[in-house]
Amino acid sequence: MSKIRFKFTRGEQVKYISHLDMMKVFERAARRGNLPIAYSQGFNPHPQMVFGLPLSVGVTSEAEYADFDLAADMKPQDFIESYNKVLPKGFIITDANYNQGKNNIMATISKASYSILVSSGKKDGIDTICKKVEEFLSQADIIVRKETKSGAKDVDIKPMIHGIQVLIPGACNEKEDKNSSCLSPFIEEYAQRILDNSVDGQCSKSDHLFCVSALLSAGSAANLKPELLISALNQTADLEFNVLKIHRTGLYVERDRRTFDPLDFEILKVV
Amino acid sequence: MTLKISDQILQSVEKPSRYIGNEWNSVHKDLKDIKARFAFCFPDVYEIGMSHLGMKILYHLLNDQKDIYCERVFAPWVDMEEKMRQNGIPLFSLESHTPVKEFDIVGFTLQYEMSYTNIVNMLDLSGIPIRSADRGKDHPFVCAGGPCAYNPEPLANIIDFFMMGEGEEIILEVMDAYMEWKDSGKDRTDFLDRIASIEGIYVPAFYKVEYNADGTIQRMVPQGNYPQKIKKRIIKDLNETYFPDRIIVPFMDIVHDRIMLELFRGCIRGCRFCQAGFIYRPVRERTPGKLLEYAKKLQENTGYEEISLTSLSTSDFESLGALTEGLIEEMEPKKVNLSLPSLRIDSFSLDLMEKAQKVRKSGLTFAPEAGTQRLRDVINKGVTEEDLIKSVTTAFGGGWNGVKLYFMLGLPTETNEDIEGIADLGNKVVSAYMSVPKEKRGKGLRVTISTSSFVPKPFTPFQWEAQDTMETLKEKQLLLKSKIKSKYISYNWHDPELSFLESVFARGDRRVGDVLISAWEKGSRFDSWGDHFKFNNWMEAFRDCGIDPAFYANRKRQEGEIFPWDHIDVGVTKKFLWKENQKAHDGDVTSNCRLDCSGCGAAAFGGGLCHE
């Protein structure tokens, strides 16, 4: 028996599927494609699949991860090819490798990066916004009210923010030299659709569209949802952002206080 | 035109997956190759409609024709409807998000009477005039089929034409006629005229109803050279007809989220309250070999984890043993479960249960329908108390601990003794559980007794009977509730109000169609969804239209009365049904079709069990 870890994309077509329903999609697709997924023993066998951090309904992602147990060996490249043939449009497996480590993806996730497309209610230009964000981050603590199962409570989200960058969609081509400021094609395409007015009801002028890229704590220990970050910016940084789209661009695991890509060799090697 | 539904709207409604489409095996076609577009409309939400086998069959059948494109349309839930109306979004198809109004033919499937207001609402949301008479050359044709179409009259002013019976052949004949007509450039009436000669097609506008002074029907007059009787269509040999080798795999949970394998059509039993038992005759089975082949292909093409055997009375399937063995052998290594619904008590065998259990244990449901042997004989439900107790004892011994028992209140000739008999039967099931040694039975016994209210249906021996008034039904529910004392038994019952309306529309004539539209105007839709059922709307609508609902629901009919559905020929004759009605009142049972032919008339179709 081997374990495989893979990375996949959840596109526009499938962004409204709940986490539980998505697991069913992968299970059924695996059956269609005769993938050798291992099943639990017992009266009610279920497939041995572990998915990373659940995405909210409506959020797209290019960096979802899952760990599957295989009952028979299968080369990662074959796994990717066979699976992609039987997955519904919108789900694409982009990378895979054997996971020989003991860790499981769900338990080890520590950070997630997002691109959040927003329209601004204020006339602020990009420089003003960046300045406001800088000031926001320079606060000693950032207290927000968080709704939990046991009622609302005040939380300091400062330690959960590991970086914020604000960019203008469509500006990427103009400064090709600065690769780091390029936005995910998911965001660029969506922004273009809004600008082309093909997404009805969300018409905005181009100079009011911004993309907030953020690296945030994620997982069971500490988790900051991008929606909450935006509402904190609106509450304390004198901004008026209206979220149009959220897209996850990365998911990271932690070992010995170091952050890794979940498919990093360090993480997947035998320990 | 393709509509774009904004994310803002989709984010704001419950279960946006209902409106997305793109599921595995959904069909997407290039419009330039298409000559006719069919909108298959299910007048309820996605998760109900997607569970319907008939839609799955006809969807893929139509889409296997290269010049036809069939797309699905469901009723938007109330939150989505509100957004659509606010934003001027018309009702659209799931596949291409095309407005329904742009289709050539819009077809509704009629599965239950209380979905009718959703039909009106869906037409309105589409921008298609609700009444057939108001449609013109820019509108699609609106048709309907399905079990409720056997009494088409309540919808006669709304639907342009009905397709009677099984759809696999007739729907293609209609599509061919449509494509011919489309090229001819002739008017709307010309098309309806063309298809009126296809067997099984009923165009209500071509018939006039004349009434007697007492409100009953005098006669039905064809307005031209149209058939006096419209004969339903059947597929003579199910092994030769179309069955899809793939079905759509939804993204969200639907009611029946599994492969449905249709073993046979029709039912040998002839329970006297059951419309399905008569309208689907004659009994026609598929061969186990064919079914195994379908199951294998469907499983490979969908990846489903469960297969259920469907038909009106699965345990009456002649080769059930061979079929389940074959299925388990094929599916067990693939971790695919087999579920066996609607099993009859008398032929329920330990053997079969254990085989199904090998894969997975599923719940047990029994439908004795009535509390005493006397009443079970009246309704011709050939089940005895001994059968039931033997079956549940076996089941408890096999580790089952949950049993659901279904009954009806308000059956013809019912007395308090029959009602108390229901509680007694429940107690006996509890005793049966206690009689099984502790180490063999499952922990935590749950017995659920559910009662529905009897609704007399067209084409049954009880079509002449009066339904109990709502007051009487409520009294009966209270009586039963007071008789159930065991802590292991829970009791559920249906709202008599809903059954009352169902009764009006099941046996209604053309005049009740206005009530339907009026109730919708008052805001009624999703009537079968408890929260959205507004009984007062309906009572107001009856008053506004000058219609007495009791005339349809609570009136006992004379033998010779002409019914609104008498011009529909389902094979089973009115004479036979009356004979059965008389036998019911005498407490005489009729044997099942396999033991003895009782000459119901279905043999006229020349297929199935009648000719074996």
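Values quoted throughout were computed directly from the atomic coordinates according to the rules given, and no laboratory measurement underlies them. Remember, predicted model here, so these are calculated numbers, not experimental data. Methodologically, a virtual Cβ is constructed for each residue, glycine included, from the backbone with ideal geometry; neighbour enumeration extends over all protein chains shown.
Along the axis of the charge dipole computed for the protein assembly as shown (Cβ charges of +1 for Lys and Arg, -1 for Asp and Glu, origin at the Cα centre), the listed residues B:GLY88, A:PHE210, A:SER231 are led at the positive end by A:SER231. Got the relative contact order for segment B:231-321 handy, in percent, Cα pairs under 8 Å and 6 or more residues apart? Relative CO of segment B:231-321 lands at 39 percent. How big is the gap, in Å, between the Cα center of segment B:237-261 and the Cα center of segment A:17-54? After rounding, the separation between the Cα centres reads 21 Å. Cβ screening of chain B for cysteine pairs under 4.7 Å finds these without a partner: B:CYS41, B:CYS70, B:CYS143, B:CYS148, B:CYS267, B:CYS545, B:CYS593, B:CYS597, B:CYS600, B:CYS610. Within the straight-line cut-off of under 17 Å between alpha carbons, the lysines reachable from A:LYS89 are A:LYS7, A:LYS15, A:LYS24, B:LYS29, sequence neighbours fewer than 8 places apart in one chain being disregarded. Note on the protein assembly as shown: Kirkwood hydrodynamic radius from all Cα pairs is 30.6 Å, rounded to one decimal. For segment B:135-238, a/c is not less than 1.5, where a ≥ b ≥ c are the root eigenvalues of the C-alpha gyration tensor, and a/b does not top b/c. That puts it in the oblate class.
Only the Cβ atoms of Lys and Arg (+1) and of Asp and Glu (-1) were treated as charged; on that basis the dipole of chain B about its Cα centre amounts to roughly 940 debye.
Taking every residue in A:80-90 and counting other chain Cβ atoms within 10 Å of its Cβ, the average works out to 2.
Taking θ as phi - 60° and the Karplus parameters 6.51, -1.76 and 1.60, the scalar couplings of segment A:101-107 work out to x, 8, 6, 10, 4, 5, 7 Hz in sequence order, x denoting glycine and proline.
The mean number of Cβ atoms from other chains found within 10 Å of a Cβ in peptide A:26-35 is 4, as a whole number. For segment B:1-141, what does the alpha-carbon gyration tensor say about shape, rounded, prolate or oblate, given a ≥ b ≥ c as the root eigenvalues, a/c under 1.5 as rounded, and a/b over b/c as prolate? Judged from the Cα gyration tensor, segment B:1-141 comes out rounded (a/c under 1.5).
Using only helices, what value at 222 nm comes out for the protein assembly as shown when you add -39,500 (n - 2.57) per DSSP H run of length 4 or more and divide by the total residues, to the nearest 500 deg cm²/dmol?
Counting only the DSSP helices, I get -9000 deg cm²/dmol.
Please work out whether segment B:549-612 counts as rounded, prolate or oblate from its C-alpha gyration tensor, where a ≥ b ≥ c are the square roots of the eigenvalues and a/c under 1.5 means rounded, while otherwise a/b larger than b/c means prolate and anything else oblate? Oblate is the answer for segment B:549-612, as a/c is 1.5 or above yet b/c matches or exceeds a/b.
Test of the criteria: in segment B:118-150, which trypsin sites (Lys or Arg not before Pro) are in a DSSP loop and have at most 12 other Cβ atoms within 10 angstrom of their Cβ?
B:LYS137
Beta-bridge orientation, the protein assembly as shown: approximately 60 percent antiparallel, per DSSP, counting only bridges with both partners inside.
Note on B:LYS404: aspartates and glutamates with a C-alpha under 13 Å away, same-chain residues under 8 apart excluded, are B:GLU369.
Placing R0 at 25 angstrom, the Cβ-Cβ distance between A:ASP238 and A:GLN165 gives a FRET efficiency of 0.85 after rounding to 0.05. Against the empirical 2.2 N^0.38 Å (N residues), segment B:7-231 has a Cα radius of gyration ratio of 1.03. Between segment A:91-120 and segment B:449-477, the alpha-carbon centres lie 58 Å apart. The GluC sites (Glu not before Pro) of segment B:1-49 meeting both criteria, a DSSP state outside H, G, I, E and B (loop) and at most 11 other C-beta atoms within 10 angstrom of the site's C-beta, are B:GLU14. Listed cross-link partners B:LYS485/B:LYS583; A:LYS123/A:LYS225; A:LYS85/A:LYS245 are compared with a 31 Å cut-off, the Cα-Cα value being larger for B:LYS485/B:LYS583. Placing +1 on the Cβ of every Lys and Arg and -1 on the Cβ of every Asp and Glu, with nothing else charged, gives segment B:7-231 a dipole about its Cα centre of roughly 300 debye. Exposure proxy for A:HIS208, B:HIS28, B:HIS60: other Cβ atoms within 10 Å of each Cβ, ordered fewest to most, give B:HIS28, A:HIS208, B:HIS60.
Would you mind getting the Kirkwood hydrodynamic radius of segment B:504-612 from its Cα pairs, rounded to one decimal in Å?
After inverting the pairwise mean of 1/r, the radius is 17.2 Å.
Going Cα to Cα from B:LYS15, which aspartates and glutamates come in below 12 Å? Please leave out same-chain ones fewer than 8 positions away. Within reach: A:ASP21, B:GLU47, B:ASP79, B:ASP253. Taking every alpha-carbon pair in chain B and binning the separations at 10 Å intervals from zero gives 3, 16, 26, 29, 19, 7, 1, 0 percent. For segment B:7-231, DSSP calls about 30 percent of its internal beta bridges antiparallel. Computed about its Cα centre, the charge dipole of the protein assembly as shown is approximately 1520 debye, with only Lys, Arg, Asp and Glu carrying charge at their Cβ.
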